[in-house]
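Inspection log for the structure reproduced underneath, given as structure tokens.
The values are calculated or read from the model by the stated rules, or taken from the named source; none is laboratory data. Nothing here was measured: the structure is a model prediction, and the numbers come from that model. Cβ coordinates were reconstructed from backbone atoms using ideal geometry, including for glycine residues, and neighbour counts include every protein chain displayed. The protein model used for the area step is the full one, side chains on, heavy atoms only, and it has no ligands, DNA or RNA in it. Shrake-Rupley method; radii C 1.70, N 1.55, O 1.52, S 1.80 Å.
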Amino acid sequence: MFFYRYLPLMPPLAGRVSLTPLDIYVPGYTTAAQYAEACRVVMREADWMVEDVSATNPKLIRNVFAAARREAPPEKQALERAIRAGFPRARTEGRFELRQPGPGAAEGVCGGR
């Protein structure tokens with residue numbers, strides 16, 4: 001599974017292992033290389049993805065993470081485009097979107113490198 005944005009407790013609470021070593025994805029903290037690697041791993045290996053849609057509020061992000069100056073750097077946009085293209089929403093549970101890979105889930109949608 002891939003847990004996206006700010007979900008540090010979700011893997012142990014869900015009884016799942018995250019595919020990526022990061023549990024927080026925030027511009028200004030997460031590097032371009034980390035976003036790119038997450039994209040490749042997720043497109044290649046994820047069976048499910050959980051996204052916290054409440055963590056999209058730029059004001060909330062800036063209040064919690066002072067270094068998050070740019071809300072949408074290119075690397076974040078690339079990962080989110082790949083997620084939208086490759087992982088259609090299967091269902092919504094409160095603030096969480098559950099996504100499964102679709103026909104667009106391919107490492108090539110990540111671009112670069």
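Of note:
- Total residues in segment 58-70, condition in contact with a helix residue (DSSP H, G or I) (Cβ under 9 Å, 6 or more places away or on another chain) and open to solvent by 90 Å² or more (accessible area, probe 1.4 Å): 2
- Checked across segment 34-53, the condition of being in contact with a Gly (Cβ under 7 Å, 6 or more places away or on another chain), at pLDDT below 90, assigned to a helix (DSSP H, G or I) and among the β-branched types (Val, Ile, Thr) holds for no residue.
- Of all residues in segment 17-48, none satisfies the criterion of being in contact with a Leu (Cβ under 8 Å, 6 or more places away or on another chain), hydroxyl-bearing (Ser, Thr, Tyr) and surrounded by fewer than 19 Cβ atoms within 10 Å (Cβ to Cβ).
- Pairs with Cβ under 7 Å, 6+ apart, first in segment 25-49 and of a type in the set (Ser, Thr, Tyr), second open to solvent by 50 Å² or more (accessible area, probe 1.4 Å): TYR35/GLU75
- Residue in segment 49-57 that is open to solvent by 60 Å² or more (accessible area, probe 1.4 Å) and of a type in the set (Asp, Glu) present: no
- Options ARG99, ARG84: the member that is within 12 Å of the chain's Cα centre (by Cα), within 16 Å of PHE2 (Cα to Cα) and without any contact (Cβ under 8 Å) to a residue 40 or more places away in the chain: ARG84
- One residue alone among ARG81, ARG95, ARG91 is basic (Lys, Arg), farther than 21 Å from LEU13 by Cα and surrounded by fewer than 16 Cβ atoms within 10 Å (Cβ to Cβ), and that residue is ARG81.
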